[in-house]
1. State the number of residues belonging to region 97-123 that are part of a helix (DSSP H, G or I) and either among the small types (Gly, Ala, Ser) or touching a residue at least 12 places away in the same chain (Cβ under 8 Å) (or both).
2. Just need a number here: residues in region 1-42 that are under 25 Å from Pro84 (Cβ atoms), at pLDDT below 95 and of a type outside the set (Asp, Glu).
3. Could you tell me whether Val20 is within 22 Å of Gly125 (Cβ to Cβ), in a strand (DSSP E or B), in contact (Cβ under 8 Å) with a residue 24 or more places away in the chain and in contact with a strand residue (DSSP E or B) (Cβ under 8 Å, 6 or more places away or on another chain)?
4. Looking at Val133, Val80, Val100 in this structure, which one is among the β-branched types (Val, Ile, Thr) and within 16 Å of Ala25 (Cα to Cα)?
5. Does Ala69 satisfy being surrounded by fewer than 17 Cβ atoms within 10 Å (Cβ to Cβ), out of contact with any Gly (no Cβ under 8 Å at 6 or more places or on another chain) and in a helix (DSSP H, G or I)?
6. Touching a strand residue (DSSP E or B) at 6+ places or on another chain (Cβ under 9 Å), exposed (fewer than 13 other Cβ atoms within 10 Å of the Cβ) and not in a loop (DSSP other than H, G, I, E, B) - does that describe any residue in region 31-50?
7. Being of a type outside the set (S, T, N, Q) and surrounded by fewer than 16 Cβ atoms within 10 Å (Cβ to Cβ) is true for just one of Arg64, Arg108, Arg27, Arg74. Which residue is that?
8. Within region 23-64, take every residue that is closer than 23 Å to Ile121 by Cβ and among the polar types (S, T, N, Q) and give me the one that is farthest from the chain's Cα centre (by Cα).
Amino acid sequence: MCITLCPVTLRVKDVIEGKVVTIEATRPVADAVKEMASNEVWSLVVTKNGLPVGVVTERDIIRRCYAKAMLPERATVESVMSSPLITIEPEASLGEAMLVMEEKKVRRLFVVEKGKITGRITQTGALGQMLDVMMALSAAA
């Protein structure tokens, strides 16, 4: 019996992480750190008047606040955030997402569907999903 293997294409929607936490741009960096810790995330979508304008990550805070001796109680999230927000559609392939992350030098993309952020995809999460598929395929062979 011969089994024909079909190419496997993982899509962004297959590996999306749904937890997206937001913070207002005018809030202090100290509040962002508390939000990250309490929500167990390392990035927050930064909003202005309810609209996403960027992202603040733990790296942004270390490099742009602490490394420059800014006071996290006084510095605003907007002053340390990365902008613009890098997004991708849920139907994009995982390979395309990884290329975008490499080209833009980011570790996460935010998934946008019909104009709304529905989740995020991270390098770590994407790599883990790809390894799971490879292990499943090797076990099936």
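1. Counting residues in region 97-123 that are part of a helix (DSSP H, G or I) and either among the small types (Gly, Ala, Ser) or touching a residue at least 12 places away in the same chain (Cβ under 8 Å) (or both) gives 6.
2. Qualifying residue count for the region: 10.
3. It is false that Val20 is within 22 Å of Gly125 (Cβ to Cβ), in a strand (DSSP E or B), in contact (Cβ under 8 Å) with a residue 24 or more places away in the chain and in contact with a strand residue (DSSP E or B) (Cβ under 8 Å, 6 or more places away or on another chain).
4. On the way: Val133 fails: within 16 Å of Ala25 (Cα to Cα); Val100 fails: within 16 Å of Ala25 (Cα to Cα).
Val80 is the lone residue from the list that is among the β-branched types (Val, Ile, Thr) and within 16 Å of Ala25 (Cα to Cα).
5. Values: surrounded by fewer than 17 Cβ atoms within 10 Å (Cβ to Cβ): yes; out of contact with any Gly (no Cβ under 8 Å at 6 or more places or on another chain): yes; in a helix (DSSP H, G or I): no.
When the stated conditions are applied, Ala69 does not pass them.
6. Yes: region 31-50 contains one or more residues that are touching a strand residue (DSSP E or B) at 6+ places or on another chain (Cβ under 9 Å), exposed (fewer than 13 other Cβ atoms within 10 Å of the Cβ) and not in a loop (DSSP other than H, G, I, E, B).
7. Step by step, each of Arg64, Arg108, Arg27, Arg74 is checked, and only Arg74 is of a type outside the set (S, T, N, Q) and surrounded by fewer than 16 Cβ atoms within 10 Å (Cβ to Cβ).
8. Ser38
The values are calculated or read from the model by the stated rules, or taken from the named source; none is laboratory data. Keep in mind it's a predicted model, so treat the numbers as computed, not measured. For neighbour counting, all protein chains shown are included, and Cβ atoms are generated from backbone atoms with ideal geometry for every residue, glycine included.
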